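Q: Below: one structure in structure tokens.
The values are calculated or read from the model by the stated rules, or taken from the named source; none is laboratory data. If you're wondering where the values come from, they're calculated on a predicted model, not measured in any experiment. All Cβ positions, even for glycine, are placed from backbone atoms using ideal geometry, and neighbour counts span all protein chains on display.
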């Protein structure tokens, strides 16, 4: 699938958040990343890519674990779990490994 403007915004936003990590507190950057990923999820859902939207929502969960500061093994499990699920959903949705279950074909009805 081609690189579109939302992908470009994701790259620019990630670079801006990485630069902000050097000047702002980590919790502020994590909260900003959560909001940024939530907006990307909404745009992906609006654009008809629900698997990628779910992947970005999983990354919102990963950012939420950073903000909540759970600590211990629960933090590691939640952060890695949300992150890996997000990566797999993004890759699966982008490269067509996940079926399109949201579209309705009129010939099947």
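Q: Under 6 Å between Cβ atoms, at least 6 apart or on separate chains: pull out the pairs that start in segment 74-96 with a residue that is at positive phi and modelled with pLDDT of 95 or more and end on any residue that is surrounded by 14 or more Cβ atoms within 10 Å (Cβ to Cβ) and in a helix (DSSP H, G or I).
A: Qualifying pairs under 6 Å: none.
Q: Which one of these is over 11 Å from the mean Cα position of the chain (by Cα), surrounded by 21 or more Cβ atoms within 10 Å (Cβ to Cβ) and under 17 Å from residue 87 (Cβ atoms): 44, 49?
A: Result: 49 is the single residue among 44, 49 that is over 11 Å from the mean Cα position of the chain (by Cα), surrounded by 21 or more Cβ atoms within 10 Å (Cβ to Cβ) and under 17 Å from residue 87 (Cβ atoms).
Q: What is the residue count in segment 78-105 for residues that are in a loop (DSSP other than H, G, I, E, B) and exposed (fewer than 12 other Cβ atoms within 10 Å of the Cβ)?
A: 8
Q: Output the residues belonging to segment 27-41 that are more than 13 Å from residue 7 (Cα to Cα) and surrounded by 13 or more Cβ atoms within 10 Å (Cβ to Cβ).
A: Residues satisfying the conditions are 28, 29, 30, 31, 32, 33, 34, 38.
Q: So, of the residues in segment 35-49 that are assigned to a helix (DSSP H, G or I) and either in contact with a helix residue (DSSP H, G or I) (Cβ under 7 Å, 6 or more places away or on another chain) or in contact (Cβ under 8 Å) with a residue 40 or more places away in the chain (or both), which turns out to be farthest from residue 103 (Cα to Cα)?
A: Filtering segment 35-49 for residues that are assigned to a helix (DSSP H, G or I) and either in contact with a helix residue (DSSP H, G or I) (Cβ under 7 Å, 6 or more places away or on another chain) or in contact (Cβ under 8 Å) with a residue 40 or more places away in the chain (or both), the one farthest from residue 103 (Cα to Cα) comes out as 36.
Q: A further question follows. Among what's in segment 14-34 and is more than 22 Å from residue 68 (Cβ to Cβ) and in a helix (DSSP H, G or I), pick the residue that is farthest from the chain's Cα centre (by Cα).
A: Filtering first and then ranking leaves 19.
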